[in-house]
Amino acid sequence: MIDVKHLSKAFGDNLVLNDISEHIYPGDKVVIIGPSGSGKSTLVSMLLGFRMPTQGCVLLDGIPATQLSRYDMRQNMSCVLQNTTVYSGTVRENVQMGKLNATDSEIWEAITVAQAKEFVECFPEGLDHEIKQSGKNLSGGQKQRLAIARAVLKDAPVYIFDDSFSALDFLTEANLRAALSSH
């Protein structure tokens, strides 16, 4: 369970988030919406322990996030951030970062959930297809789906997707959301 209690965040005199409280129970799906600059990514960064709140706290299973190591927090969360990152190397290596000892079968399952199977199968090398630095030989949607596959492969209790469907067309996004729900 994640508890957000009276969370506020200011950057200088600019109050970005003010007195946010929420209880998120296992199995809950929470969607945070708002215009650009409204603090959605700032909230995500505090949930992940990248930023500390100005006031309030985040508790994971009743333990204040400030008392957990970053390693412990990251082990219990899998995320795809707004600026999708893929690395030079193969498709397999990029997805396998989510679970280093994953089998090819597990990797393909995550790729399927992420709606990336169709384009990965089109690569003559499949999972061994080389990705150029920063994914320059992939489209924005392909990069997002590989990053989502990496997150899905991790099998964490908490998944966070921070505007990580923005480069997907409507049908791909709908199929991805359905696959994530059943996964």
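Those residues that are farther than 25 Å from Ser182 by Cα, touching a residue at least 12 places away in the same chain (Cβ under 8 Å) and not in a loop (DSSP other than H, G, I, E, B), I need them from the stretch 16-40; list them, please.
Correct list: Val16, Leu17, Asp19, Ile20, Ser21, Lys40.
Could you tell me which residue of the stretch 11-41 is farthest from Phe165 (Cα to Cα), considering only residues that are open to solvent by 40 Å² or more (accessible area, probe 1.4 Å), of a type in the set (Gly, Ala, Ser) and more than 17 Å from the chain's Cα centre (by Cα)?
Gly12
Can you find a residue that is under 30 Å from Glu125 (Cβ atoms), of a type outside the set (D, E, K, R) and within 16 Å of the chain's Cα centre (by Cα) anywhere in the stretch 56-78?
Yes, that holds for at least one residue.
Got a number for residues in the stretch 155-180 being part of a helix (DSSP H, G or I), open to solvent by less than 70 Å² (accessible area, probe 1.4 Å) and without any contact (Cβ under 8 Å) to a residue 40 or more places away in the chain?
Here the count works out to 3.
Within the stretch 42-88, how many residues turn out to be open to solvent by less than 50 Å² (accessible area, probe 1.4 Å), among the aliphatic types (A, V, I, L, M) and assigned to a loop (DSSP other than H, G, I, E, B)?
Adding up the residues that qualify gives 3.
Just for the stretch 109-139: of the residues that are open to solvent by 70 Å² or more (accessible area, probe 1.4 Å) and assigned to a helix (DSSP H, G or I), which one is farthest from Ala149 (Cα to Cα)?
Gln133
Determine the pairs where a residue that is on the phi > 0 side of the Ramachandran plot, located within the stretch 61-86, has a partner that is open to solvent by 50 Å² or more (accessible area, probe 1.4 Å) with Cβ atoms under 7 Å apart, the partner being 6 or more residues away or on another chain.
Asp61/Met1
The values are calculated or read from the model by the stated rules, or taken from the named source; none is laboratory data. Remember, it's a predicted structure, so these values are computed and weren't measured experimentally. Here the Cβ is made from the backbone with ideal geometry for all residues, glycine too, and neighbour counts use every protein chain on show. To get the accessible areas, we keep the full protein, side chains included, count just its heavy atoms, and leave off ligands, DNA and RNA. Shrake-Rupley method; radii C 1.70, N 1.55, O 1.52, S 1.80 Å.
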